[in-house]
1. Quick one: would you say residue 33 is open to solvent by 80 Å² or more (accessible area, probe 1.4 Å), over 19 Å from residue 79 (Cβ atoms) and either under 13 Å from the mean Cα position of the chain (by Cα) or modelled with pLDDT of 65 or more (or both)?
Amino acid sequence: MSIVVLHEPLADSPVLPPDGAGTTVHAAPTDVPLTRTFCGQQAEGMSQVDMEAVGAAAWDPAPESARVCPECDRAVTVGHWDVC
């Protein structure tokens, strides 16, 4: 399954920091309409990560100051998800 990687916007700022610092990183499937992440959050308002620009070898492009959603990580790495 192909995925899209998303940064959740910061609650106190409508602008995403250039490196995604302080944000939560989520993943969503690309073979269904992009409405929810693997953890069930609404994808609307999240910013898509350009994985080629980041040069990340794994799905997680997060800098150390970003948080990876554990549910999305489990869905991507183990393959268990329930996207509504």
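The values are calculated or read from the model by the stated rules, or taken from the named source; none is laboratory data. Predicted, not measured: the structure shown is a model, and the values here were computed from it. Ideal geometry is used to build each Cβ from the backbone, glycine not excepted, and the neighbour counts take in all protein chains shown. Quick note on the areas: whole protein, heavy atoms, side chains included, nothing else; ligands and nucleic acids left out. Shrake-Rupley method; radii C 1.70, N 1.55, O 1.52, S 1.80 Å.
1. When the stated conditions are applied, residue 33 passes them.
This table checks each residue for (1) surrounded by 14 or more Cβ atoms within 10 Å (Cβ to Cβ); (2) under 13 Å from residue 5 (Cα atoms); (3) modelled with pLDDT of 85 or more.
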site: 26; (1), (2), (3): yes, yes, yes
site: 38; (1), (2), (3): yes, yes, yes
site: 50; (1), (2), (3): no, yes, no
site: 53; (1), (2), (3): no, yes, no
site: 56; (1), (2), (3): no, yes, no
site: 62; (1), (2), (3): yes, yes, no
site: 74; (1), (2), (3): yes, no, yes
site: 79; (1), (2), (3): no, no, no
site: 82; (1), (2), (3): no, no, no
